[in-house]
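> Below is the structure I would like to discuss, written out as C-alpha cells.
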Amino acid sequence: MKLFVDSGNIKDIETLAAIGIIDGVTTNPTLLAREPGDYRENLKKICEIVKGPVSGEVTSTDFAGMLQQGHDIAKIHQHMIVKVPLTRDGIRACKALSGEGIRVNVTLCFSAAQALLAAKAGATFVSPFVGRLDDVATNGMELIREIVDIYDNYDFTTDVLVASCRHPIHVVEAARMGADIATCPPAVIDQLFNHPLTSIGLEKFLKDWEKAQAVKA
Ligand code: E4P
C-alpha cells in the first residue's frame with residue numbers, strides 16, 4: 001500500500017520524504033490556506049520534494065471553472081493531480097480532464113455509489129473520507145471495504161485513496177482491505193513508528209551495552 005502525506009507544509013513534507021517512505025502528497029484548500037506564500041509555488045516545491053503524485057484541488061464549483069482551474073493546476077508540474085469534488089460538475093470535469101490525459105483525484109467521497117461514478121468517469125484516484133464518516137457515527141472503513149469489492153468486481157483501474165485518516169488503525173485496516181493508498185497528516189505518520197516496547201527494548205539494549213563497556217574498561 002502506498003503512503004501519502006496529507007499536508008501543505010513544506011517542512012513537514014521534507015522531513016517525512018527524507019525517511020524514504022512517502023509516495024505522494026494530498027492537499028486541500030484548507031491545508032493550503034494555512035501556509036504562507038503563493039500556493040502554486042508551494043505545490044511546485046512539494047512536487048520536487050516527493051517526486052510522486054501531488055493533489056491540488058479546484059475551488060470552482062461549476063464545470064467550466066473546474067476545467068480552467070484543472071488545466072492551470074496540471075501545468076504547475078508533471079506530478080500534479082487535479083482534485084475535484086464529487087458533485088455532478090466534478091464528475092463531468094473528471095471525465096473531461098481524464099479524457100485529455102490529466103490525472104484526477106475525486107474527493108469528498110462518502111458512499112459506494114459515489115465511488116462507482118468516480119471510476120466510471122475515469123478518475124485516477126477516489127478519496128473516501130473515513131474519519132469524517134466516523135465523526136457522524138458511520139463506520140468509515142466499511143465504505144472502503146465496499147469500494148474495494150466493487151472496483152475488484154469490474155477491474156476498475158481507479159486507485160482507492162483512503163483519506164481523512166485519523167489514527168494508525170485506519171491505516172492498518174486500509175492495508176488489510178487492499179486499499180491502494182492511505183493519506184495521513186504528519187502526526188498520524190509519526191504515530192505509525194511508535195510502539196512502547198520498541199522504546200523500552202532499545203533503552204535496555206543500550207544500557208546493557210554501556211554497562212558491559214564500563215566493566216571491560
Ligand atoms: C484528503 O485528500 C483530505 O485532504 C483529507 O484527508 C481530509 O482530512 P480531514 O477530514 O482530517 O480534514
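The values are calculated or read from the model by the stated rules, or taken from the named source; none is laboratory data. Bear in mind that the values here come from a model prediction, so they are computed numbers and not experimental data. Here Cβ is always computed from backbone atoms with ideal geometry, including for glycine, and neighbour counts include all displayed protein chains. Ligands, DNA and RNA are stripped out before the accessible areas are found, and what is left, the full protein with its side chains, is counted by its heavy atoms. Shrake-Rupley method; radii C 1.70, N 1.55, O 1.52, S 1.80 Å.
> Return the pair list, or none, for Cβ contacts closer than 7 Å from residues in the range 41-61 that are away from the ligand (no atom under 16 Å from the Cβ) and aliphatic (A, V, I, L, M) to residues that are open to solvent by 40 Å² or more (accessible area, probe 1.4 Å) and part of a helix (DSSP H, G or I), at least 6 apart or on different chains.
The qualifying pairs are ILE49/GLU14.
> Now, a different point. Tell me which residues, restricted to the range 149-172, are over 25 Å from ILE102 (Cβ atoms) and part of a helix (DSSP H, G or I).
Taking the range 149-172 and keeping what is over 25 Å from ILE102 (Cβ atoms), we get 149, 152-153, 165-172.
Those that are over 25 Å from ILE102 (Cβ atoms) and part of a helix (DSSP H, G or I): ASP149, ASP152, ASN153, PRO168, ILE169, HIS170, VAL171, VAL172.
> What is the one condition in (1) out of contact with any Cys (no Cβ under 8 Å at 6 or more places or on another chain); (2) within 14 Å of the ligand (Cβ to nearest atom); (3) in contact (Cβ under 8 Å) with a residue 24 or more places away in the chain; (4) within 18 Å of ASN28 (Cα to Cα) that ILE91 does not satisfy?
Going through (1) out of contact with any Cys (no Cβ under 8 Å at 6 or more places or on another chain); (2) within 14 Å of the ligand (Cβ to nearest atom); (3) in contact (Cβ under 8 Å) with a residue 24 or more places away in the chain; (4) within 18 Å of ASN28 (Cα to Cα) one by one, ILE91 breaks only (2).
> Looking only at the range 145-169, how many residues end up being more than 10 Å from the ligand (Cβ to nearest atom), open to solvent by less than 50 Å² (accessible area, probe 1.4 Å) and either touching a residue at least 60 places away in the same chain (Cβ under 8 Å) or within 23 Å of SER55 (Cα to Cα) (or both)?
If we filter the range 145-169 for residues that are more than 10 Å from the ligand (Cβ to nearest atom), which is where we start, we get 145-160, 167-169.
Filter again for open to solvent by less than 50 Å² (accessible area, probe 1.4 Å), leaving 147-148, 150-151, 158-160, 168.
When the remaining residues are screened for being either touching a residue at least 60 places away in the same chain (Cβ under 8 Å) or within 23 Å of SER55 (Cα to Cα) (or both), the result is 147-148, 151, 158-160, 168.
The total comes to 7.
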